[in-house]
Amino acid sequence: MITNKEKAMTPNLPAIGRLASEISRANVSSLVLVHGGGSFGHPIAKQYSIEDGYKDQSQMIGFSKTRQAMTKLNKLVVDSLIQHNIPAVTVQPSSCTITKQGRINLMEEKPLKKLLEMGFVPVLYGDAVLDSDIGFAILSGDQLVSSLATRLEAKRIIVGIDVDGLYTSDPKTDPKAQPIKHITLPELRKMQHKITDVRVTDVTRGMLGKMLELIPAAEKGIRVIIVNAAKPNNVYKALKDEMFVGTVIERGEAVV
Ligand code: IP8
């Protein structure tokens, strides 16, 4: 969404600016922002198989290139947030996180918590990180979101995507696909197999990966809201708790 997925290393500057303006207008407190890799991180990560971990020396330069590409995209995002008067500060995930088999294992949270306490808006992103078992790995923005929301005891997670939330099937290929406004975790688990991957270049498994990552946070009772961030004002409305087009995932009734 914030990049042009068809063209490597191409930002969608109007979308970045519009989202920054919506976030600025909403003016919510205790906000952490996380963005993904889009056409900056994914094509390079895929080219060098960074998500498979270290296999040989030829991947080293690919790891550096992936990190650098993400730094570039993050700079554009943070520049725009600052232009819209948001006190945004980058927190580079790869400098405070080590994964184990691709899962967050060590994370230094103190600087992030201190930034929030002071009223800054920390901005993180999907990154190429070091991994204690496999050398390096790709840490998706979605895994970060879920883990951060749990660690910081967030009230809600708002996920911006480029369709109107979850559907009963893939809306890009099936004209009969129906939007889902509200879904509980047990229902989501049942329909998991129907959530197809539309983004083939996505090394972190697109929509299915996104949903699987968000389940642990929803299990903790955190409301997960999925909105179409490609349409103006949806992110603003979700931030302001106003009616929006999208899907709400909730834990649902506990079975006793
Ligand atoms: O777009 C992956 O993050 P995502 C980032 O949130 C890289 O899956 C470096 C490919």
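Rundown of residues vs (1) under 27 Å from Thr66 (Cα atoms); (2) modelled with pLDDT of 80 or more; (3) surrounded by fewer than 19 Cβ atoms within 10 Å (Cβ to Cβ); (4) touching a Phe, Trp or Tyr at 6+ places or on another chain (Cβ under 8 Å), yes/no style:
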residue	(1), (2), (3), (4)
Ala149	yes, yes, no, no
Ile157	yes, yes, no, no
Asp164	no, yes, no, no
Pro171	no, no, yes, no
Pro175	no, yes, yes, no
Ile180	no, yes, no, yes
Glu187	no, yes, yes, no
Asp197	yes, no, yes, no
Asp202	yes, no, no, no
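Among the residues in the stretch 127-139, are any in contact with a helix residue (DSSP H, G or I) (Cβ under 6 Å, 6 or more places away or on another chain), modelled with pLDDT of 95 or more, closer than 24 Å to Gly17 by Cβ and surrounded by 15 or more Cβ atoms within 10 Å (Cβ to Cβ)?
yes
Go through (1) in a strand (DSSP E or B); (2) within 12 Å of the ligand (Cβ to nearest atom) one by one and return the number of the condition Thr99 breaks.
(2)
Note down all Cβ pairs under 6 Å where the first residue falls in the stretch 75-100 and is in contact (Cβ under 8 Å) with a residue 60 or more places away in the chain, the second is open to solvent by less than 60 Å² (accessible area, probe 1.4 Å) and part of a strand (DSSP E or B), and they're at least six residues apart or on different chains.
Taking only residues 6 or more apart or on different chains, the pairs are Leu76/Pro11; Val77/His35; Leu81/Ala88; Ile86/Val121.
Restricting the first residue to the stretch 163-186 and requiring it to be part of a loop (DSSP other than H, G, I, E, B), which pairs with a second residue that is among the aromatic types (Phe, Trp, Tyr) and open to solvent by less than 50 Å² (accessible area, probe 1.4 Å) meet a Cβ separation below 7 Å and a spacing of at least six or different chains?
Ala177/Tyr167; Gln178/Tyr167; Ile180/Tyr167
Taking the stretch 5-54 as the region of interest, how many residues are at positive phi and open to solvent by 20 Å² or more (accessible area, probe 1.4 Å)? Explain how you work it out, then say what you get.
We begin by selecting, within the stretch 5-54, every residue at positive phi; these are 9, 27, 30, 38, 49, 53.
So of that shortlist, the ones also open to solvent by 20 Å² or more (accessible area, probe 1.4 Å) come out as 9, 27, 30, 49.
Number of matching residues: 4.
The values are calculated or read from the model by the stated rules, or taken from the named source; none is laboratory data. Keep in mind it's a predicted model, so treat the numbers as computed, not measured. Positions of Cβ are generated from backbone atoms using ideal geometry, with glycine treated the same way; all protein chains shown enter the neighbour counts. What goes into the accessible areas is simple: the full protein's heavy atoms, side chains included, and nothing from ligands, DNA or RNA. Shrake-Rupley method; radii C 1.70, N 1.55, O 1.52, S 1.80 Å.
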